[in-house]
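Note sheet for the following structure.
The values are calculated or read from the model by the stated rules, or taken from the named source; none is laboratory data. All of these numbers come straight from a predicted model, not from anything done at the bench. Please note: Cβ atoms are built from the backbone with ideal geometry, for glycine as well, and neighbour counts cover all protein chains shown. The protein model used for the area step is the full one, side chains on, heavy atoms only, and it has no ligands, DNA or RNA in it. Shrake-Rupley method; radii C 1.70, N 1.55, O 1.52, S 1.80 Å.
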Amino acid sequence: MPSFRVETPQRAYDAIVERGALRRTAEFLPKRAGKIFIVTNHDVWNLHGAILCHGLGDRQPEVLFLPPGESRKRIAEVETLAERMVAAGGDRASVVIAFGGGIVNDVGGFLAAIFMRGVPVIQVPTTLLAQVDAAVGGKTGVNLVSGKNLLGSFHQPLVVLIDPDVLTTLPEREYRAGLYEIIKCGVIRDAGLFRLLDQCAPSVLAQEPATVERIIAAAVRIKAEVVSADEREGDLRRILNFGHTVGHALEAETQYSKFLHGEAVAFGMRAATELARRTGDLASSDAQTIQSVIGKYGPIPRLEGVTAQQLVGRLAVDKKTLHGKVHFVLPVKIGDVKIVSGVEDCVVIESIEAVLA
Ligand SMILES: NC(=O)c1ccc[n+]([C@@H]2O[C@H](COP(=O)([O-])OP(=O)(O)OC[C@H]3O[C@@H](n4cnc5c(N)ncnc54)[C@H](O)[C@@H]3O)[C@@H](O)[C@H]2O)c1
Ligand SMILES: [Zn+2]
């Protein structure tokens, strides 16, 4: 089964895509590891905790539960977890295992980044989105009232264990939300992956095991390559934000309650694709193909009540606004994108309106 090397200035590590990877978690613990702390939530633990425990052999982990939901991705929860670590005998030799979806990966990773100035973390993502995106790359953090992911740190894991077996219990909507991030990978860097998602949609949607493994591996390979070339979001890492400029605006405008992250990104990819067509950067035929593939993995919730003007208003405050400019990642062909800024608001509004219609 494939393993992808992530090489960053902070650390080099593997992202391993392997059925049953959970069962050999102990192999990846540092030799002198102290107490093991698993950060998870009750749902994930009830479904898959026993397998992870089995994978830790004779190590007796301390399990720390994070209450569910984006609203609990806050510094207060990190503090609570850190106090529990100290109470349970945590020290600088402790190791954190972040075992859950993107929220757990982000909070568990951030806890590890700052606990006693930093202890190692093993990322064990259990949603498709977290497997192909959140768990690889070392971004960790929590939300502020004023915005998402505004407190955080780069803390690269010891290893990322991606076990497709855990996805069998994932709600179908969460699975599809993760698929949109894989479509993103195809558009930005891998025409072959994109073709697979186009031609094999029924087996992707039916979670045919070999197909699921292939698309996860393809997406993780891309994430690993991009992060290795650019750990801290310079130009290359920003290509991963295809669909995210408008996607983030949509999530914020709907108070993070109506759309799953991947669904908002799907809408954002539609808008960016239409924008690229209008600016002449992308051929109409390619634009149509991208729209059609996104459509195959729908539906996403309707945008009732959200206007293009509102979304464009949000873009200005998005943290990806650099030097006062909004950046868009625009496809130039399937498998390649470019980053542009300074696009006229009216063209952005027209593109979003076209997609809304
Ligand atoms: N650090 C990064 O680079 C990065 C990248 C993308 C997203 N994120 C963050 O990730 C978060 C979203 O992550 P998410 O989409 O995984 O959502 P999530 O963490 O909320 O998980 C979604 C739901 O699925 C449940 N779940 C998890 N695994 C399951 C399984 N195997 N079976 C059944 N249920 C399961 C969870 O309990 C939760 O209710 C956001 O906070 C976002 O900011 C971070
Ligand atoms: Zn994303």
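The residues of the chain have, on average, 41 Å² of accessible surface per residue, using a 1.4 Å probe with all protein chains present. Distance between the modelled labels on GLU225 and GLN207, one decimal in nanometres: 2.9 nm (7 Å Cα→Cβ projection). Between the range 228-285 and the range 140-160, what is the C-alpha centre distance in whole Å? Between the Cα centre of the range 228-285 and that of the range 140-160, the gap is 20 Å.
For MET116, the accessible surface of its heavy atoms amounts to roughly 80 Å² (probe 1.4 Å, protein chains only, rounded to the nearest 10).
For the chain, the share of DSSP beta bridges that are antiparallel, to the nearest 5, is 45%. Computed in the context of the full set of protein chains, the accessible area of the chain at 1.4 Å probe radius has 50% of its extent on carbon or sulfur.
DSSP finds beta bridges in the range 1-125, and of those with both partners inside it, around 30 percent are antiparallel. So, counting K/R as plus one and D/E as minus one, what does the shell of residues with Cβ under 11 Å around GLN288 add up to? Charge balance near GLN288 sits at -1. Measure nothing but the geometry: give the 0 to 90° angle between the long axis through the Cα atoms of 42-55 and the longest principal axis through the Cα atoms of the chain, rounded to 10°. Its long axis makes an angle of about 50 degrees. Sorting 305-311, 260-266, 20-26, 130-136 by average packing, meaning the other beta carbons within 10 Å per residue, from highest down gives 130-136, 260-266, 20-26, 305-311. When you filter the trypsin sites (Lys or Arg not before Pro) in the range 274-318 for DSSP loop state and at most 12 other Cβ atoms inside 10 Å of their Cβ, you are left with ARG302. Under a Cβ-Cβ cut-off of 10 Å, what is the net charge of the residues other than GLY138 that fall near it, where Lys and Arg count +1 and Asp and Glu count -1? Summing Lys and Arg as +1 and Asp and Glu as -1 gives +2. For ARG117 and THR80, a Förster radius of 30 Å and the Cβ-Cβ distance give a FRET efficiency of 0.95, rounded to the nearest 0.05.
What's the angle, to the nearest 10 degrees (0 to 90), between helix 244-253's Cα axis and the longest principal axis of the chain? Helix 244-253 and the main axis of the chain meet at about 80 degrees. Local charge for GLY178 was computed over the other residues whose Cβ lies under 12 Å away, with Lys and Arg +1 and Asp and Glu -1, and equals -2.
Among VAL204, VAL124, VAL145, which one shows the highest mean-square fluctuation when the chain is modelled as a Gaussian network with alpha-carbon springs under 10 Å? Checking each option, the largest mean-square fluctuation is seen for VAL145. Based on the Cβ-Cβ distance of LYS296 and LEU47, what FRET efficiency does E = 1/(1 + (r/R0)^6) give at R0 = 35 Å, to the nearest 0.05? Once the sixth-power term is evaluated, E becomes 0.80.
For LYS338 and SER71, the FRET efficiency from 1/(1 + (r/R0)^6), where r spans their Cβ atoms and R0 equals 41 Å, is about 0.70. In terms of distances greater than 22 angstrom between alpha carbons, the cross-link table entries LYS139/LYS258; LYS296/LYS338; LYS258/LYS338; LYS184/LYS338 yield LYS139/LYS258; LYS296/LYS338; LYS258/LYS338.
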